[in-house]
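The values are calculated or read from the model by the stated rules, or taken from the named source; none is laboratory data. Computed from a predicted structure; not experimentally measured. Note that each Cβ is placed from the backbone with ideal geometry, even for glycine, and that neighbours are counted across all protein chains shown.
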Amino acid sequence: MNSEFVFVYNANTDVINAMVDYAHKVFKPSTYKCDLCALTHHNLGQRSAWKKFKENSCSNFSFWYIRQFEKAYSERYEYPVVLKIVENGFELLLSRSEIAKLKSVEQLINKLEIITRK
């Protein structure tokens, strides 16, 4: 059975939040609050390495924004996080602080490849 991983971005989907996030990414990236978003996306969409990694992986991935995730699962974390779906809920794989230490999408991918082999 393939593993299932859940990525929860430190963002929400409403228009105002999306515009504020975009402005942070463009004009002052150091103030952008979602390190996971910054790793996986640039201003025009997904980074090509990230897209290729997802397409070639044997694992299943789902991607959530805070409000969607908390409504669906009644769980709360310090976002962003990467979780693995396990029998009784979730296993925390990458915490907010661990994601913040990653400097590139390639580092994220390397970390996930190690994790997904387990």
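Any idea which residue in the range 81-109 is surrounded by the fewest Cβ atoms within 10 Å (Cβ to Cβ), counting only those that are within 12 Å of VAL8 (Cβ to Cβ) and touching an Asp or Glu at 6+ places or on another chain (Cβ under 6 Å)?
Within the range 81-109, the match that is surrounded by the fewest Cβ atoms within 10 Å (Cβ to Cβ) is ARG96.
Name every residue in the range 79-118 that is of a type in the set (Asp, Glu) and either modelled with pLDDT under 95 or within 17 Å of SER62 (Cβ to Cβ) (or both), in order of residue number. Working first, answer last.
Of the residues in the range 79-118, the ones of a type in the set (Asp, Glu) are 87, 91, 98, 106, 113.
Listed by number, the residues that qualify are GLU87, GLU91, GLU113.
Looking at the range 89-110, I want the residues that are over 24 Å from GLU75 (Cα atoms) and have a partner that is among the small types (Gly, Ala, Ser) and part of a helix (DSSP H, G or I) with Cβ atoms under 7 Å, at least 6 apart or on another chain. Which pairs are those?
Between residues of the range 89-110 that are over 24 Å from GLU75 (Cα atoms) and residues that are among the small types (Gly, Ala, Ser) and part of a helix (DSSP H, G or I), the close pairs are VAL105/ALA49; GLU106/ALA49; ILE109/ALA49.
Going residue by residue through the range 49-57, is there one that turns out to be modelled with pLDDT under 90 and outside any helix (DSSP H, G or I)?
Looking for residues that are modelled with pLDDT under 90 and outside any helix (DSSP H, G or I), one finds at least one in the range 49-57, hence yes.
Report, by residue number, each residue of the range 71-89 that is over 15 Å from the mean Cα position of the chain (by Cα) and either outside any loop (DSSP other than H, G, I, E, B) or among the hydrophobic types (A, V, I, L, M, F, W, C) (or both).
LYS71, ALA72, TYR73, VAL86, GLY89
Checking the structure you have, find out if any residue of the range 93-104 is assigned to a strand (DSSP E or B) and not charged (D, E, K, R).
Yes, some residue in the range 93-104 is assigned to a strand (DSSP E or B) and not charged (D, E, K, R).
Would you check if SER57 is polar (S, T, N, Q) and surrounded by 16 or more Cβ atoms within 10 Å (Cβ to Cβ)?
On the way: polar (S, T, N, Q): yes; surrounded by 16 or more Cβ atoms within 10 Å (Cβ to Cβ): yes.
It is true that SER57 is polar (S, T, N, Q) and surrounded by 16 or more Cβ atoms within 10 Å (Cβ to Cβ).
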